[in-house]
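Read the structure below first, then the notes.
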Amino acid sequence: MTRYCPHCWAEVAAQAEVCPHCGRSLGEDAADFLGKLIVALQHPDPLTQRRAAFLLGRIRDPRAVAPLGAVLAGQADVYVNGEAAFALRAIGGERAGAILAEVADDPSQSIIVRRMAAGTPRESPRGNSGQTGDAGHLGTGESTRPAADSASLQEGGT
Ligand SMILES: [Zn+2]
């Protein structure tokens, strides 16, 4: 099971009560983690936006599809857009597919983002094609099973 600290977004053990990375208490905010990530998609710092998009792709909650689509519609940073497209591919589904198809055909988008949306993973910001994710991207280094992520969050990280 993988959980993320709602304060610094480091990966933390499922049983941890205190984040080993930032030292803050885990738990009470975990239920709102998805909401925090969605808000962070509009953060002024592009690096924060990228991390939020990346983690939403890991969590794969369909509620993130519309906010990620909004990022792609309004955001100029190619890396943020690329991460958002990658997250949408990871989440999948009809709505995500429709957004990605639009982005792939949108000449105002960077070619990198369009390739990502079209499913050509060569230009992934992570340098791999894996929908299974790569924890090394965030420097946390622990391999994970993304399929378990949404379950663990919705159960409050049991
Ligand atoms: Zn933390």
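Per-residue Karplus couplings for region 38-53, computed as 6.51 cos²θ - 1.76 cosθ + 1.60 with θ equal to phi - 60°, are listed in order as 5, 4, 5, 4, 9, 5, x, 8, x, 5, 5, 4, 4, 4, 4, 5 Hz, Gly and Pro entered as x. Compared with the alpha-carbon gap, the fully stretched path from residue 77 to residue 21 is longer by 17.4 nm at 0.36 nm per residue. Residues whose amide H falls under 5 Å from that of residue 18, counting only those 5 or more places apart or on a different chain, are 26, with hydrogens built in the peptide plane. Spin-label pair residue 102-residue 70: with each label point 7 Å from Cα along the Cα-Cβ axis, the two points sit 1.3 nm from one another. Amide H contacts of residue 12 (H built 1.01 Å from N, in plane; Pro and chain starts excluded): 3, 4, 5 sit under 5 Å, all sequence-distant by 5 or more or on other chains.
A short reminder: the numbers here are calculations on the coordinates, not readings from a lab. Small disclaimer: the values here were computed from a predicted structure and weren't measured. Using ideal geometry, Cβ is built from the backbone for each residue, glycine included, and neighbour counts are taken over all protein chains shown.
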